[in-house]
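Before any comments, here is the structure.
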Amino acid sequence: MALLAELKESLSGWLGRVFKRKASRIGIYGPPNAGKTTLANRILMDFTGETIGAVSSIPHETRRVRRREGVTIKGDGYSVTLDIVDTPGLATKIDFHDFMSYGLAEDEAKRRAKEATEGVIEAIKWMDNLDGVLLVMDSTEDPYTQVNVTVVGNMEARRLPMLIVANKMDLPGASAERIKGAFPQHTVVPISALKGKNMELLYETIASRFG
Amino acid sequence: MGDVQINMISANKLQSMSTMDKIRLILDDVSKGRIVILEKGLDPREEAQLIEHTMLKIRDSQFYGIEIQSYPRSPSPWSILRRDGNRLTVIGPADRMKTVKRERDVIEAIIS
């Protein structure tokens, strides 16, 4: 079954390359609060003048997948058109009590937890419909999490291009080196999506990796 | 502190099980408060399915999820092609197991 699934994916990828789709579909993945929506908003603001979703310090603010099609990222000597898919944060545990510690009432915390579980499931299902992934990590946090290991493993198994975005480099204690040490086989681009730091390098790398 | 049951599953047993059997075994044990150690962990697609089924269990019952840790897979393309990247994996209930240190070759966890 696994072999059949792999053959199907390889064939689909090959057909996609031969009959070149208009735009590659790139998923933005990562744990909750890594800055995925902040990054999606930054990319969209820079190239379309719009945003894709609200951000919050409470984890699991994004609980549904959001898509923006045909975003052209361009700069000096490069241009690539992508469909951007912003996904809910992946997690292996969700406890509504955690949301209550941010001041949410019990009912609201339980509702948020339920929606967050559905968001994680939706994000995982989307892995089958992508051409590549931007894996966003919080540079101040430990990168050896199961969520990161699982996303990296899935992209490698599907042989899809992936770029690791070391976000929040503006914060004290941030280290892109720690992430490079954890996943030495992948390109790591250090940025701050919130401050717009090093975005030019990210756009150039996105164009060369996903173009 | 109450007793903690640890179930260690051999690579041989895992090899003879389907993905759904593995996921059912893990979630059944962990939701009963047990720690599960897999001699050879799940492959990436199975890990994604485990997360998916963990979310369904959280949504539908009084379960807060799992703490799961394995060493990172070998970065060499050869080992990815040979699919020999699965390494020992520890899984426990999120409300009882807490990982305190993770490195390429060391995992330290506290069980309460």
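For chain A, which span is the longest to avoid every loop-located (per DSSP) member of chymotrypsin sites (Phe, Trp or Tyr not before Pro) having at most 12 other Cβ atoms inside 10 Å?
A:103-211
Report relative contact order for the range A:107-211 in percent, whole number only (criteria: Cα-Cα under 8 Å, sequence separation at least 6).
Relative contact order, the range A:107-211: 24 percent.
Can you pull the accessible area of A:D107 for me, 1.4 Å probe, Å² to the nearest 10?
120
Any idea what the relative contact order of chain A is, in percent, if you count C-alpha pairs under 8 Å spaced at least 6 apart?
So the answer I get is 22 percent.
Give me the extension gain from A:K74 to A:R159: residue separation times 0.36 nm, minus the current Cα-Cα distance, reported in nm with one decimal.
Extending this stretch completely gives an extra 28.0 nm.
If I fit a long axis through the Cα atoms of helix A:146-158 and take the longest principal axis of the Cα atoms of chain A, what angle between them do I get, 0 to 90°, rounded to 10?
20
Starting from the Cα-Cα distance between A:A105 and A:I58, subtract it from 0.36 nm times their residue separation and give me the gain in nm to one decimal.
15.6 nm
Could you tell me the calculated FRET efficiency between A:E50 and A:E118, based on Cβ-Cβ distance and R0 = 25 angstrom, to the nearest 0.05?
Here the calculated transfer efficiency is 0.45.
Loop-only check: which trypsin sites (Lys or Arg not before Pro) in the range B:1-45 are DSSP coil with at most 15 other Cβ within 10 angstrom?
B:K32
Would you please state which residues of the range A:136-177 a label at A:K195 would reach in this model, taking the label point 7 Å out along Cα→Cβ and a backbone N cut-off of under 11 Å?
Only A:168-174 fall inside the zone, counting backbone N under 11 Å.
With runs of 4+ DSSP H residues as the only contributors, calculate the mean residue ellipticity of the protein assembly as shown at 222 nm using -39,500 (n - 2.57) per run, divided by the residue total and rounded to the nearest 500.
Rounded to the nearest 500, it is -12000 deg cm²/dmol.
The values are calculated or read from the model by the stated rules, or taken from the named source; none is laboratory data. The shown structure was predicted, so the numbers you read here are calculated from the model rather than taken from an experiment. All Cβ positions, even for glycine, are placed from backbone atoms using ideal geometry, and neighbour counts span all protein chains on display. The area values use the complete protein model at the heavy-atom level, side chains included, leaving out ligands, DNA and RNA. Shrake-Rupley method; radii C 1.70, N 1.55, O 1.52, S 1.80 Å.
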